[in-house]
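Undergrad: Below you'll find the structure I mean.
The values are calculated or read from the model by the stated rules, or taken from the named source; none is laboratory data. Keep in mind it's a predicted model, so treat the numbers as computed, not measured. In this analysis, Cβ positions are derived from the backbone assuming ideal geometry, glycine residues included, and neighbour counts consider all displayed protein chains. Quick note on the areas: whole protein, heavy atoms, side chains included, nothing else; ligands and nucleic acids left out. Shrake-Rupley method; radii C 1.70, N 1.55, O 1.52, S 1.80 Å.
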Amino acid sequence: QVQLVESGGGLVQPGGSLRLSCAASGIIFSRSVISWYRQAPEKQREYVAQITIGGFTAYANSVKGRFTISKDTAKNTAYLQMNSLKPEDTAVYYCKADFLGKGYWGQGTQVTVSS
């Protein structure tokens with residue numbers, strides 16, 4: 001059974017930082033493409049960042065230069081380091097793994113940026 005568990009969300013002031021984690025089981029992590037998405041209240045889920053099997057990374061323009069996606073294959077865990085957070089970054093953040101043509105989602109973790 002595939003399971004993705006996000007953690008690390010919380011309340012942070014504008015300009016602050018958080019690191020999200022996505023722990024995976026039931027898939028071959030080293031052969032999966034990992035992405036982060038987010039969904040703000042009353043908005044559609046949007047792409048944030050991706051890291052490929054080979055370690056190449058890509059980002060949405062809205063987070064480029066502030067967020068960094070990475071992974072530790074030995075720990076079957078992906079990360080999203082978020083710096084210089086803004087109120088508009090407030091959302092539920094979801095991890096997605098694409099493995100053998102199927103997409104798997106985690107349950108999400110809430111990030112709130114507010115003073």
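Undergrad: All but one of (1) more than 12 Å from the chain's Cα centre (by Cα); (2) touching a residue at least 40 places away in the same chain (Cβ under 8 Å); (3) open to solvent by 60 Å² or more (accessible area, probe 1.4 Å); (4) farther than 19 Å from GLY15 by Cβ hold for ASN76; state the number of the condition that does not hold.
TA: With respect to (1) more than 12 Å from the chain's Cα centre (by Cα); (2) touching a residue at least 40 places away in the same chain (Cβ under 8 Å); (3) open to solvent by 60 Å² or more (accessible area, probe 1.4 Å); (4) farther than 19 Å from GLY15 by Cβ, ASN76 is out only on (3).
Undergrad: Let me ask something additional. PHE56 passes all but one of (1) within 12 Å of the chain's Cα centre (by Cα); (2) among the aromatic types (Phe, Trp, Tyr); (3) more than 18 Å from THR109 (Cα to Cα); which number fails?
TA: (1)
Undergrad: To continue, here is another question. Could you go through the stretch 28-43 and let me know if any residue there is surrounded by 16 or more Cβ atoms within 10 Å (Cβ to Cβ), within 12 Å of THR109 (Cβ to Cβ) and hydrophobic (A, V, I, L, M, F, W, C).
TA: Scanning the stretch 28-43 turns up at least one residue that is surrounded by 16 or more Cβ atoms within 10 Å (Cβ to Cβ), within 12 Å of THR109 (Cβ to Cβ) and hydrophobic (A, V, I, L, M, F, W, C).
Undergrad: Just to be sure I understand, how many residues within the stretch 4-31 are modelled with pLDDT under 95 and on the phi < 0 side of the Ramachandran plot?
TA: The number of residues fulfilling the criteria is 6.
Undergrad: Which residues, taken from the stretch 44-54, are within 17 Å of LYS75 (Cβ to Cβ) and open to solvent by less than 80 Å² (accessible area, probe 1.4 Å)?
TA: So in the stretch 44-54, the residues within 17 Å of LYS75 (Cβ to Cβ) come out as 51, 53.
Residue satisfying the conditions is ILE51 alone.
Undergrad: Hand me the list of strands (runs of 3 or more DSSP E) wholly inside the stretch 1-93 holding 1 or more residues that are touching a Leu at 6+ places or on another chain (Cβ under 8 Å). Spell out how you get there, then give the answer.
TA: Working: elements: 3-7, 10-12, 18-25, 33-39, 46-51, 57-59, 67-72, 77-82.
Answer list for the stretch 1-93: 3-7, 10-12, 18-25, 33-39, 46-51, 67-72, 77-82.
Undergrad: If you go through the stretch 94-115 one residue at a time, how many are open to solvent by 30 Å² or more (accessible area, probe 1.4 Å) and either outside any strand (DSSP E or B) or of a type in the set (Ser, Thr, Tyr) (or both)?
TA: Summing the residues that are open to solvent by 30 Å² or more (accessible area, probe 1.4 Å) and either outside any strand (DSSP E or B) or of a type in the set (Ser, Thr, Tyr) (or both) in the stretch 94-115 gives 8.
Undergrad: Then there is this: Tally up the residues in the stretch 63-73 that are free of Cβ contacts under 8 Å to residues at least 24 places away in the same chain and surrounded by fewer than 16 Cβ atoms within 10 Å (Cβ to Cβ), please.
TA: Matching residues across the stretch 63-73 total 5.
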